[in-house]
Amino acid sequence: MEYRKEKLSLFMICDIKKIIAEALYNIIKKTTGETRQDNLSKEEIAGMIEYPPDINMGDLAFPCFRLSKIFRKSPNVIAETIAGEFTRDVEDAVPYNKIKNISCAGGYINFTLNDKYYIQNILNDIFEQKDKYGSSNIGDGKTAVIDYSSPNMSKPLGVAHMRPTNIGNSIKKIHQFCGYKMIAINYIGDWGTPQGKILAAYKLWCNDMTEIEEKGVYKLLDLYVNFGVEAEKDERLNDMARSWFVKLEQGDEEAVGLWKKFMGISVAEIKRIYNIMGIEFDSYDGESFFEDKMDAVVEELKEKNILKLDQGAQIVDLSEYNMPPCLILKTDGATLYPTRDIASAIYRKKTYNFDKNIYVNDMRQNLHFAQWIKVTELMGYDWANNCINIPFGLMNFGGQVMATRKGNTQLLDDLLKMAVEKVETIMEEKNPGDETLSKEEKKEIAKKVGIGAVMFGDLVNSRIKDVNFNWEEALNFNGNSGPYVQYTYARACSVLEKNDTDIDYKNIVITNNLEREIIKLLSQLPEKVLIAEREYEPSVICRYLLDICAVFNRFYHDCSILKAESAEIKNSRLALCEAVKYAIGNGLWLIGLEKTNKV
Ligand code: ARG
């Protein structure tokens with residue numbers, strides 16, 4: 001699915017790509033003729049520039065395959081031709097002091113950059129921007145609304161809420177880093193017949209607010225689960241639930257009073273979990289908030305002649321767009337889930353004047369979003385284009401039994417607790433009886449690492465793929481896990497802590513390819529953030545973190561840092577450690593993980 005038409009412009013973030021793209025553009029234009037329509041734009045060329053897999057081949061590479069059609073030659077010959085022009089024309093095509101060598105191989109033109117320019121430039125950026133390194137201004141002056149997590153009321157968060165919560169949180173942070181003003185909305189499912197069921201169950205089997213206050217949302221869940229079981233046996237229960245919901249809709253004092261109490265209890269509990277995960281929302285306007293805003297929507301649909309009567313229900317016919325009809329009013333005149341989403345989107349546009357209106361939901365809701373967004377388009381709202389459904393795949397736990405407290409809901413709280421306990425055990429096994437850290441410090445670290453392990457174990461997967469959560473992988477301190485990234489961050493911190501000399505950031509030399517690899521990866525953070533923003537894909541950041549950690553750890557093992565061969569090399573390696581610390585730290589922030597200086 002294509003989310004946004006505009007091309008990612010790497011142009012503005014990577015100076016050297018811009019210079020090379022500019023030169024390539026001029027050479028291609030000169031060789032093929034000014035007027036060719038199919039010539040690539042500068043932006044397209046910049047976007048095609050790659051990083052060669054082997055650093056010995058060069059620092060950047062341009063593939064010539066797409067040029068075959070324009071040049072009517074093989075990619076190899078084209079590469080040679082362009083490279084020839086480059087070196088001949090170099091004085092005016094590109095400031096040659098920036099590129100040390102140009103070579104061709106397998107249809108690619110490879111560029112080796114001049115160390116002095118390349119390395120110092122990247123590091124200057126990092127040491128200037130520090131915890132802002134990787135950020136951009138593409139969202140400056142723009143507002144994005146993001147609707148995520150959005151659980152249903154009177155239930156605790158289940159493990160199924162983990163993905164929308166994590167993915168939404170990270171997409172929000174990635175956008176913030178790109179300059180957007182973000183409005184995070186928790187659109188709680190607090191309206192509809194399920195509310196009638198809770199009220200009926202409470203009246204039937206509890207009717208005791210002290211018990212509800214004591215046991216909180218877990219008691220409400222109990223009642224709800226029980227209602228389902230009993231209603232199977234006795235149809236009349238469903239009628240009771242319906243009439244309680246009607247009471248609620250009509251503003252009956254008792255119904256509204258209970259509902260408000262239940263809502264308060266539900267929100268307090270989910271906030272407790274969000275707090276553990278470091279997640280915040282700007283608004284908790286749930287479905288009920290739109291109750292009084294729906295008549296206007298129905299009126300508007302009627303006025304615009306979009307509504308159609310179908311077997312007593314009011315629908316919008318979407319057959320022209322290969323979709324089943326969007327249901328607006330039931331036969332009894334009650335509004336539906338799509339009606340509320342339309343009303344809330346209109347409200348969000350009015351209230352926040354969004355440039356993007358993002359929804360993070362599992363892909364089983366794709367049709368629902370496609371339908372109602374289409375309806376807003378048919379209503380003539382040009383912002384329908386800016387309503388973006390971000391679907392994700394399902395998560396399962398590989399048949400591993402999860403502690404289950406209530407009914408068949410696997411609680412997110414239990415999962416997080418279990419993660420922290422497991423990390424505590426691992427820490428104790430790694431350093432039995434370790435006394436360098438206090439009990440509290442150990443607890444604090446285990447919490448950050450345990451929660452981080454779960455969040456990373458989710459986010460490292462491509463959003464759209466189904467995920468099989470696996471404890472061994474998520475907690476493997478040496479594998480592709482959150483703890484591994486946090487550990488690497490702590491390692492960089494601890495080297496810097498042990499150093500007692502001042503670092504001269506302006507005099508950096510590199511002596512081997514590992515250092516060069518580090519520089520290459522450091523230089524990529526800004527564009528990784530842009531890719532993650534464009535694709536709504538936190539896994540891009542996770543994979544970047546794994547890459548930079550792998551290279552940094554190799555460097556740490558193979559190269560002496562504090563005892564380097566010379567003062568100059570020691571200084572440079574320490575500067576690299578500090579730069580890596582910023583890159584990893586910023587990456588962790590983008591995916592919502594906590595940093596720890598010790599592990
Ligand atoms: N409450 C819904 C659920 O639990 C998710 C709501 C998603 N947001 C929305 N605007 N429809 O499935």
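Nothing in this text is a laboratory measurement; each read-out follows from the coordinates by a stated rule. Everything quoted here is computed from the prediction, not taken from an experiment. Here the Cβ positions follow ideal geometry from the backbone for every residue, glycine too, while neighbour counts run over all protein chains shown.
Below is a table of values for the structure above.
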{"quantity": "³J(HN,Hα) computed for each position of segment 467-482 - Karplus, 6.51 cos²θ - 1.76 cosθ + 1.60, integer Hz, glycine/proline x", "calculated": "10, 10, 6, 10, 4, 4, 5, 5, 9, 6, 4, 9, x, 7, 10, x"}
{"quantity": "Neighbourhood charge, 12 Å Cβ-Cβ cut-off, centred on PRO338 and excluding it, Lys, Arg +1 and Asp, Glu -1", "calculated": "+1"}
{"quantity": "Lysines with Cα under 20 Å of LYS197, excluding same-chain neighbours fewer than 8 positions away", "calculated": "LYS155, LYS215, LYS219, LYS233, LYS247, LYS260, LYS261, LYS330, LYS406"}
{"quantity": "With Cα atoms, 0 to 90° folded angle of helix 15-32 axis to the chain main axis", "calculated": "70 degrees"}
{"quantity": "Under 13 Å, Cβ to Cβ, from PHE65 - net charge with Lys/Arg +1 and Asp/Glu -1", "calculated": "+2"}
{"quantity": "Pairwise centroid distance, computed over Cα atoms, of segment 435-465 with segment 491-534, Å", "calculated": "24 Å"}
{"quantity": "For segment 387-518, convex hull volume per residue from C-alpha positions, Å³", "calculated": "216 Å³"}
{"quantity": "Contour minus Cα-Cα distance for TYR51 and ASN226 (0.36 nm per residue)", "calculated": "57.2 nm"}
{"quantity": "Long-range HN-HN contacts of ASN361 with modeled amide H, under 5 Å", "calculated": "ILE390, PHE392"}
{"quantity": "Amide H contacts under 5 Å for CYS104, placed H, 5+ residues apart", "calculated": "ASN110"}
{"quantity": "The chain: angle of helix 193-205 to the longest principal axis, Cα-based, in degrees nearest 10", "calculated": "50 degrees"}
{"quantity": "Label-point separation in nm, ILE70 to LYS100, each point 7 Å along Cα→Cβ", "calculated": "3.0 nm"}
{"quantity": "Efficiency of FRET between GLU291 and ASN468 - r from beta-carbon atoms, R0 35 angstrom, step 0.05", "calculated": "0.30"}
{"quantity": "Segment 231-297: radius of gyration over Cα atoms, expressed as a fraction of 2.2 N^0.38 Å", "calculated": "1.46"}
{"quantity": "Under the Karplus curve 6.51 cos²θ - 1.76 cosθ + 1.60, θ = phi - 60°, whole-Hz ³J(HN,Hα) for segment 67-79, x wherever Gly or Pro sits", "calculated": "7, 3, 5, 6, 7, 6, 9, 6, x, 4, 5, 4, 4"}
{"quantity": "Convex hull projection area averaged over all views, the chain, Cα basis, nm²", "calculated": "33.2 nm²"}
{"quantity": "Other-chain or far-sequence residues with amide H under 5 Å of VAL467's (modelled H)", "calculated": "LEU394, MET395, ASN396"}
{"quantity": "Whole-Å semi-axes of the ellipsoid equivalent to segment 513-599 (Cα gyration tensor, √5λ, descending)", "calculated": "26, 14, 10"}
{"quantity": "Low-density loop positions, GluC sites (Glu not before Pro), segment 536-591 - DSSP coil, at most 12 other Cβ in 10 Å", "calculated": "GLU565"}
{"quantity": "In order through segment 543-550: 3J(HN,Hα) via Karplus (6.51 cos²θ - 1.76 cosθ + 1.60), integer Hz, x for Gly, Pro", "calculated": "5, 4, 4, 4, 5, 5, 5, 4"}
{"quantity": "The chain: angle of helix 294-303 to the longest principal axis, Cα-based, in degrees nearest 10", "calculated": "80 degrees"}
{"quantity": "For segment 363-398 versus segment 139-194, the gap between their alpha-carbon centres in whole angstrom", "calculated": "14 Å"}
